[in-house]
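What follows draws every value from the coordinates through simple rules; no lab data is involved. Please read all numbers here as calculations on a predicted model, not as lab measurements. Neighbour counts run over all protein chains shown; Cβ positions are idealised from the backbone, glycine included.
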Amino acid sequence: MKYRAFAASLLTLILLTGCGDPAQEADSAPASADLFAMDTYMNLKAYGKDASAAVKEAEERIRTLEQTLSVTDSQSDLYAINHADGAAVRVSADTAAILETAERIGQNTNGALCISLYPVLRTWGFTTGEYRVPDASEIENLLQFCDDRLISHEGDSVTIPKETELDLGAVAKGYTGDAVTEIFKQHGITSAIINLGGNVQALGKKPDGSTWTVGVTDPFSPDQLLGTLPADNQAVITSGNYERYFTDDGGNRYWHILDPETGAPADNGLAAVTVIGECGVECDALSTALFVMGTDAAADYWRQNGGFEMLLVTTDGEVCLTEGLEQKFQPKRELQSRVIRHDETN
């Protein structure tokens with residue numbers, strides 16, 4: 001079997017967001033850092049008098065969150081929860097906050113976001129690298145314990161059944177982006193770009209006053225861009241079937257975003273979902289949930305809840321974007337597209 005974890009989207013995003021007037025950037029005292037954390041490459045870039053200190057503190061915060069939210073680090077909150085044999089575990093404020101968001105969005109999306117699918121992800125090999133296609137009975141046996149309603153969470157106390165295991169991969173980078181943004185603000189930074197493995201968060205505008213530009217990867221040609229979007233104090237977060245996947249000997253492809261109802265890769269007609277909004281952790285959670293839901297259900301969710309914009313790419317190549325992006329998305333090639341509007345129904 002072949003496996004691919006796609007990283008080119010990170011490179012294109014860095015190239016797009018890192019360009020500006022060199023003289024103005026120098027005057028603004030830029031500071032940047034490249035690091036590998038949370039199983040992905042990250043880049044931080046900030047401008048201002050206290051930029052170096054801000055970036056250093058942000059790196060330390062990322063490392064702390066990586067340890068806290070890891071499912072494999074024996075010192076992490078997640079490891080403690082997953083190995084407590086059903087006993088209550090006291091967790092950090094970070095873990096409590098991210099659990100609250102994940103549980104809320106999971107409920108609002110009727111379980112499309114599920115943070116208790118870790119045993120199923122593991123049996124597919126997405127957490128171990130030992131990729132395989134499990135049989136239906138194996139998945140069925142695991143799914144009975146993959147239900148976020150089994151999580152008991154009150155304050156800093158978390159309890160799950162012995163057979164249940166949690167994984168916060170669908171929300172951790174979004175939460176981390178919010179945390180880094182807050183650190184930058186505390187240091188008086190008003191211009192910064194945060195790229196956490198393709199999860200991009202923009203703070204303010206570029207030093208020259210222009211808006212940050214973020215590239216959206218083409219899921220059918222991941223080395224290319226589908227188009228670009230402006231970002232001003234926003235997160236731009238994408239989930240797609242091209243990011244982490246493997247193919248079996250018959251050429252069938254299986255990706256890591258699983259449908260909680262089937263325990264198999266979510267196959268509801270979408271190749272990629274990009275969510276744009278002010279809150280990184282919510283955009284991160286929604287990009288996964290909406291991918292699982294499919295085009296029509298995602299459009300209905302947006303109409304009913306609002307508070308974000310989205311760009312959907314279907315498996316047959318159509319681009320569906322909410323009306324707030326109609327004049328903002330700049331395609332890089334000719335596309336079949338339609339606008340999702342509030343005053344229409346599917």
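Derived scalar couplings between HN and Hα for the stretch 78-84 equal 5, 5, 4, 4, 6, 10, 8 Hz in order, rounded to whole Hz, by the Karplus curve 6.51 cos²θ - 1.76 cosθ + 1.60 (θ = phi - 60°), x for Gly and Pro. Sorted ascending by nearby beta carbons within 10 Å, beginning with the fewest, Y175, Y41 become Y41, Y175.
In this structure the amide hydrogen of R244, modeled in the peptide plane, comes within under 5 Å of the amide hydrogens of F6, H256, none closer than 5 places in sequence on its chain. What number, in percent, do you get for the relative contact order of the stretch 77-159 if the mean sequence gap of Cα pairs under 8 Å and at least 6 apart is divided by its residue count? Rounded, it is 39 percent for the stretch 77-159.
Amide H contacts for L270 (H built 1.01 Å from N in the peptide plane; partners 5 or more residues away or on another chain; cut-off under 5 Å): T315.
May I ask for the net charge around D300, where only other residues with Cβ less than 14 Å from the Cβ of D300 are counted and Lys, Arg are +1 while Asp, Glu are -1? The answer is -1. Taking θ as phi - 60° and the Karplus parameters 6.51, -1.76 and 1.60, the scalar couplings of the stretch 316-325 work out to 9, x, 7, 9, 10, 10, 5, 4, x, 9 Hz in sequence order, x denoting glycine and proline. Working note: Karplus 6.51/-1.76/1.60 with θ = phi - 60° gives the stretch 238-254 the couplings 10, 10, x, 7, 9, 7, 9, 7, 9, 10, 8, 5, x, x, 6, 9, 10 Hz, where Gly and Pro are set to x.
With an a/c value of 1.5 or above and a/b larger than b/c for the gyration tensor axes a ≥ b ≥ c computed over the alpha-carbon atoms, the stretch 77-159 is described as prolate.
For the options E130, E57, E318, a Gaussian network treatment of the chain with springs between C-alpha atoms closer than 10 Å singles out E130 as fluctuating the most. Near L117, once Lys and Arg are set to +1 and Asp and Glu to -1 for all other residues with Cβ below 10 Å from its Cβ, the sum equals -4. Each Lys or Arg adds one and each Asp or Glu subtracts one; over the other residues with Cβ under 14 Å from the Cβ of G215, this totals +1. Exposure proxy ranking for D223, D300, based on other Cβ atoms within 10 angstrom of each Cβ and starting from the fewest, stands as D223, D300.
Give the shape of the chain as rounded, prolate or oblate, defined through the alpha-carbon gyration tensor: a ≥ b ≥ c are the square roots of its eigenvalues, a/c under 1.5 means rounded, and otherwise the shape is prolate if a/b is larger than b/c and oblate if not. The shape class here is oblate. Taking amide H positions as modeled 1.01 Å from N, with prolines and chain starts lacking one, the residues under 5 Å from V216 and 5 or more places away or on another chain are L226, G227, T228, L229.
Only the Cβ atoms of Lys and Arg (+1) and of Asp and Glu (-1) were treated as charged; on that basis the dipole of the chain about its Cα centre amounts to roughly 720 debye. For the stretch 209-291, GluC sites (Glu not before Pro) are listed when DSSP marks them as loop and at most 14 other Cβ atoms sit within 10 Å of their Cβ; the list is E261, E278. Here the stretch 137-169 and the stretch 89-127 have alpha carbon centers that stand 8 Å from each other.
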